[in-house]
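Q: Can you read through this structure? Questions will come right after.
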Amino acid sequence: MILVDGERCYQMKFTGPSGSVDTRWYSEESGLLLKTNSAMGSTLYSRYQPVNGVLVPHQLDQSIQGMNLTFILKEAKVNHGLENSLFDLK
């Protein structure tokens, strides 16, 4: 069992075309992405809130080359200003 911030997770590894490997942890309960780890550093995703029916993380905590950064999302728009006809199958 793998825990991220006390939450049980599934761990998945993704290999890119260049051979780089990224590791991602998804919550067993919600299926939401909780953490990523790549050659550049790691990111924790939290404070998920619905935006037009889509859960979006409103806080990202990153550790990149020894620096710790926190990003807080103030506003998010999903499909804002798009006509529904753009999604019609033709």
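Q: Straight-line reach only, C-alpha to C-alpha below 26 angstrom: list the lysines that residue 13 could link to, leaving out same-chain residues fewer than 8 apart.
A: 35
Q: How large is Rg/Rh for the chain, to two decimals, with Cα atoms and a Kirkwood Rh? It would help to have the intermediate numbers written out before the result.
A: On the way: Rg = 16.1 Å, Rh = 15.2 Å.
In the chain, Rg relative to Rh is 1.05.
Q: Mind checking the dipole of region 1-68: about its Cα centre, +1 per Lys or Arg Cβ, -1 per Asp or Glu Cβ, Debye to the nearest 20?
A: Using Cβ point charges on Lys, Arg, Asp and Glu, region 1-68 gives about 120 debye.
Q: Using a 1.4 Å probe, how large is the accessible area of residue 40, given in Å² and rounded to the nearest 10?
A: Rounded to the nearest 10, the figure is 120 Å².
Q: Post the alpha-carbon centroid distance, region 71-89 to region 14-68, in whole angstrom.
A: Here the two parts' Cα centres lie 21 Å apart.
Q: For the chain, build the charge dipole from Cβ charges (+1 Lys, Arg; -1 Asp, Glu) around the Cα centre, then report which of 34, 14, 2 sits farthest towards its positive end.
A: Among 34, 14, 2, the one farthest towards the positive end of the dipole of the chain is 14.
Q: With every protein chain present, what accessible area does residue 47 have (1.4 Å probe, heavy atoms only), rounded to the nearest 10 Å²?
A: Here the residue's solvent-accessible area equals roughly 110 Å².
Q: Short version: ³J(HN,Hα) in whole Hz for each residue of region 35-52, in order, from phi by Karplus 6.51 cos²θ - 1.76 cosθ + 1.60 (θ = phi - 60°), x for Gly and Pro, what are they?
A: Calculated HN-Hα couplings, in order: 7, 10, 9, 9, 4, 7, x, 10, 9, 9, 10, 8, 6, 5, 9, x, 10, 6 Hz.
Q: Another question, then. Under a plain spin-label model, where a point goes 7 Å from the Cα along Cα-to-Cβ, how far apart in nm are residue 75 and residue 22?
A: Taking the simple label geometry, residue 75 and residue 22 are separated by 2.8 nm.
Q: Let me ask something else. Could you calculate the contour length gain from residue 1 to residue 51, that is, 0.36 nm times the residue separation minus the distance between their Cα atoms, to one decimal place in nm?
A: That pair, residue 1 and residue 51, stretches by 14.9 nm at full extension.
Q: GluC sites (Glu not before Pro) within region 7-90: which are DSSP loop residues with at most 14 other Cβ atoms inside 10 Å?
A: Counting only loop positions with at most 14 other Cβ atoms within 10 Å, the GluC sites (Glu not before Pro) in region 7-90 are 28, 29, 75, 83.
Q: If I ignore ligands, DNA and RNA and count only protein heavy atoms, how much of residue 13 is accessible to a 1.4 Å probe, in Å² to the nearest 10?
A: It works out to around 140 Å².
The values are calculated or read from the model by the stated rules, or taken from the named source; none is laboratory data. Remember, predicted model here, so these are calculated numbers, not experimental data. Reconstructed Cβ throughout: ideal geometry from the backbone, glycine too, with neighbour counts over all protein chains shown. The area values use the complete protein model at the heavy-atom level, side chains included, leaving out ligands, DNA and RNA. Shrake-Rupley method; radii C 1.70, N 1.55, O 1.52, S 1.80 Å.
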